[in-house]
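What follows is a set of notes on a single structure, which appears directly below.
The values are calculated or read from the model by the stated rules, or taken from the named source; none is laboratory data. Source: prediction; values computed, not measured. Reconstructed Cβ throughout: ideal geometry from the backbone, glycine too, with neighbour counts over all protein chains shown.
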């Protein structure tokens, strides 16, 4: 990866993340209705991406980026 | 520095920043004392899904199981039918369940109640009503009020409670005889 | 995340591409909540892959070339479609923060197995979720008897780790970041494929060790008009010299209560593997490796998708059966710079009880 790409992509990405983190609110469980909506789900996307990856694995050189679990509802 | 190492470093730094940010946020207010909770609950006007307005103060003399729930909350959806069964059983003991929905839209709570044929008293109060006043840290959140309206049991910060635990507490309280008017004023 | 009820899902996916390969996947899934804060998920997939017959007149040079560099077993009649059936099973048990999983996949020349474990924990008053996962996979490869290649039985194993953090930023925003590492050892090329090199055909050879790493970022934002906007970025790098970038975005919008539509776009770009060349001068290739697999080449791709999700539960449909169902339909169109394109059609039925 060239220094130019590194500067143009990863540094703004890290800055964006830092910036996003500054705007955080302490979100209480009863405020999470939108986060629990199915159109906000990471997991549904991960399943669809995993199915697509199986087919694209035969067409592209890299796989991954679908790992992880949890987060969102804060329901006990 | 190789690009892979840089990417890993960028992500690790980001995770660290996110974690530190979460830790550095102002801690949520301490849980209200039960007495304060009881006072706030007693006087709050609740609008039921069948069009009535009630105050829990009016139910003094009964043991009342109060459950804060939402139709979008998976554990709530699982427990509501169980609380409806408990309500039917408690009715014979002079006790009842009151479920308070914190859904943003009343229609969502109403649809859930209709779909599951729930018969207990269900009120809609939204996310900015009593639940915000009490600043409850869990959902569902359940408390059991004794006949005097005091909070005798609440799920508090516990995550290992069960409907069975709450049912036992409610039954025990409802088996406790009500105080006579003389005893109540001592 | 725990389930709230029993769920049965059936999904049908149909994949076709410009090489006329067709894959029909019939997937079933069953999820149930068990006692003691536990859940069980069972997944199975029956897949039928059809690789087309050699498209050239028998006896012509074009037919010979297609056979000798084929990526499918050529045994007997190369001028018939080759059909392969794959069966896949996955069982997952989750209890509290821990999850274990077993995966098994089998087809005529390949058996893959994997065990995986994951642990996740909510922290800081549920503002942050940290997840750690690992898996070990072991595959047995027994190439089908072939008129052209003579590849022996072989194996492959994969070690995988991932660490993911999910953070709630606002009542309508969530972000997820993660890193993954895979170490793969064993057979990693197509045992049926030959490569033109030094004026002749030689079997394809890839390195037997590969370390793959990726980092990703996902941002989900709920918008005021009952819609959501999602962004994702992934960077990938491996020790074969492939770097890739993936950028994706999707928009989901409730059309009415219970019905949502979605649109998505994904851009992908990768560099070539160090040992990949369009043409090899010597039979030894580059450092002893040769590849006829164009997924080792530099390429760019685009993917567009549309979807429709109908939740009959929310629509308060009258009949007891329909009232518990949701139906989803999805179409994705993929094309890359190697003049390759593909279509994904997916239809899914979910029943909750």
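A few notes on this one:
- Reported count of residues in segment C:110-147, each being under 23 Å from residue C:192 (Cβ atoms) and without any contact (Cβ under 8 Å) to a residue 40 or more places away in the chain, is 8.
- Residues considered: C:167, C:193, C:205. Of these, the only one that is within 30 Å of residue C:264 (Cα to Cα), at pLDDT below 95 and either touching a strand residue (DSSP E or B) at 6+ places or on another chain (Cβ under 7 Å) or more than 10 Å from chain A (Cβ to nearest Cβ) (or both) is C:167.
- Candidates C:277, C:295, filtered to the one that is without any contact (Cβ under 8 Å) to a residue 24 or more places away in the chain and over 24 Å from the mean Cα position of the chain (by Cα): C:277
Residues checked against (1) within 20 Å of residue C:112 (Cα to Cα); (2) more than 8 Å from chain A (Cβ to nearest Cβ); (3) in contact with a helix residue (DSSP H, G or I) (Cβ under 6 Å, 6 or more places away or on another chain):
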site	(1), (2), (3)
C:137	yes, yes, no
C:145	yes, yes, no
C:154	yes, yes, no
C:157	yes, yes, no
C:171	no, no, yes
C:199	no, yes, no
C:214	no, no, no
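- Here the condition is being at pLDDT below 65, at the interface with chain A (Cβ under 9 Å from one of its Cβ atoms) and surrounded by 12 or more Cβ atoms within 10 Å (Cβ to Cβ); of B:74, B:22, it holds for B:22 alone.
- Matching residues, segment B:41-70, being surrounded by fewer than 23 Cβ atoms within 10 Å (Cβ to Cβ), touching a helix residue (DSSP H, G or I) at 6+ places or on another chain (Cβ under 9 Å) and in a loop (DSSP other than H, G, I, E, B): B:44, B:49, B:60, B:62
- Matching residues, segment A:16-43, being more than 9 Å from chain C (Cβ to nearest Cβ), in a helix (DSSP H, G or I) and at pLDDT 75 or above: A:30
- Hits in segment C:216-247 (condition: in contact (Cβ under 8 Å) with a residue 40 or more places away in the chain and under 16 Å from residue C:336 (Cβ atoms)): C:242
- The residues of segment C:19-45 that are farther than 24 Å from residue C:326 by Cα, away from chain B (no Cβ under 14 Å) and surrounded by 14 or more Cβ atoms within 10 Å (Cβ to Cβ), listed by number, are C:19, C:21, C:22, C:23.
- The criterion of at least 2 residues that are modelled with pLDDT under 95 and more than 18 Å from the chain's Cα centre (by Cα) is met, among helices (runs of 4 or more DSSP H) falling completely within segment B:117-186, by B:163-175, B:181-184.
Residues are listed down the side, and each one gets a yes or a no for (1) more than 27 Å from the chain's Cα centre (by Cα); (2) assigned to a strand (DSSP E or B):
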residue: C:42; (1), (2): no, yes
residue: C:47; (1), (2): no, yes
residue: C:58; (1), (2): yes, no
residue: C:74; (1), (2): no, no
residue: C:84; (1), (2): no, yes
residue: C:91; (1), (2): no, yes
residue: C:99; (1), (2): no, yes
residue: C:138; (1), (2): no, yes
residue: C:144; (1), (2): no, no
